[in-house]
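Below is one structure; the comments refer to it alone.
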Amino acid sequence: MAKTGTTTQGLREAIERSGYYPALVAEAVEASVGGEPVASYLVHQETTFDSNEVRRHVTVLVLTRTRFLVSHTDEQAADDTSPSPYATTSTESVKLERISSVVLSRVVANPESYTPGTLPREVVLTIGWGAVSRLDMEPATCGDPNCEADHGYTGSSTADDLSLRVSEAGDGPDTVRQTLAFAQALSEATAGTTRVGPPQ
């Protein structure tokens, strides 16, 4: 389930509609937002299956005039450290100028007959700001299939701080639309092509 919009009140309502520990999630997010007006937001709840356990977590993304905020709340079963189930909430505040990449991957069915404006079947929003990088390495080659020389390694470094996947089948078409809208707002804000929030 995902909700998006452009007001602080709308953000609170979307968190409450998600039904996932709304008081806990809202308090953490609102404390991080502070007094800044909300320009855009996305609330996404996901259920995952881990062995015999069902785990839920919610991700809240918020865009203000100057910052990108990300909040994760995860629930945990009772374990050695706690005799009862518990939840962990973390929030991070990132200045817009620190965001180095906003990647939106779209999966479309029957690309040969694609019509502009048709919703993708699935989208993956990946946002990087330098906190986490993934390094992919592989042996380098010279192109000669018979060459046995050591040519060292080649690779690429990818910023991969946050990746959020939504699909029409699993989350519904509205969720896909909302993710596209948030991705566009964030891309425009980081590119400086639009003014985010009310004029100063």
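The values are calculated or read from the model by the stated rules, or taken from the named source; none is laboratory data. Being a predicted model, the structure only gives us computed values, none of them experimental. Positions of Cβ are backbone-derived with ideal geometry, glycine not excepted, and every protein chain shown enters the neighbour counts. Each accessible area value is taken on the protein alone, full model and side chains, heavy atoms only, with ligands, DNA and RNA left out. Shrake-Rupley method; radii C 1.70, N 1.55, O 1.52, S 1.80 Å.
Within the set of pairs 6+ apart or on separate chains, which have a first residue in region 92-105 that is over 26 Å from S167 (Cβ atoms), a second that is open to solvent by 70 Å² or more (accessible area, probe 1.4 Å) and modelled with pLDDT under 95, and C-beta atoms under 9 Å apart?
The qualifying pairs are L96/R65.
Residue under question is D161, and the condition is that it be surrounded by 11 or more Cβ atoms within 10 Å (Cβ to Cβ), modelled with pLDDT of 80 or more and acidic (D, E); does it hold? If you could, list the steps in order and put the result at the bottom.
Numbers: surrounded by 11 or more Cβ atoms within 10 Å (Cβ to Cβ): yes; modelled with pLDDT of 80 or more: yes; acidic (D, E): yes.
It is true that D161 is surrounded by 11 or more Cβ atoms within 10 Å (Cβ to Cβ), modelled with pLDDT of 80 or more and acidic (D, E).
I'm told F49 meets every condition in (1) at pLDDT below 95; (2) aromatic (F, W, Y); (3) surrounded by 16 or more Cβ atoms within 10 Å (Cβ to Cβ) except one. Can you identify the failing condition by its number?
Among (1) at pLDDT below 95; (2) aromatic (F, W, Y); (3) surrounded by 16 or more Cβ atoms within 10 Å (Cβ to Cβ), the lone unmet condition for F49 is (3).
Would you kindly identify the strands (runs of 3 or more DSSP E) lying entirely within region 66-150 that contain at least 1 residues that are surrounded by fewer than 16 Cβ atoms within 10 Å (Cβ to Cβ) and touching a Pro at 6+ places or on another chain (Cβ under 8 Å)? Steps first, answer last, please.
Values: elements: 67-76, 86-95, 101-107, 122-128, 133-139.
In region 66-150, the matching strands (runs of 3 or more DSSP E) lie at 67-76, 101-107.
Looking at the structure I just gave you, is E13 more than 22 Å from D171 (Cβ to Cβ), at pLDDT below 95, assigned to a helix (DSSP H, G or I) and of a type in the set (D, E, K, R)?
The answer is no for E13.
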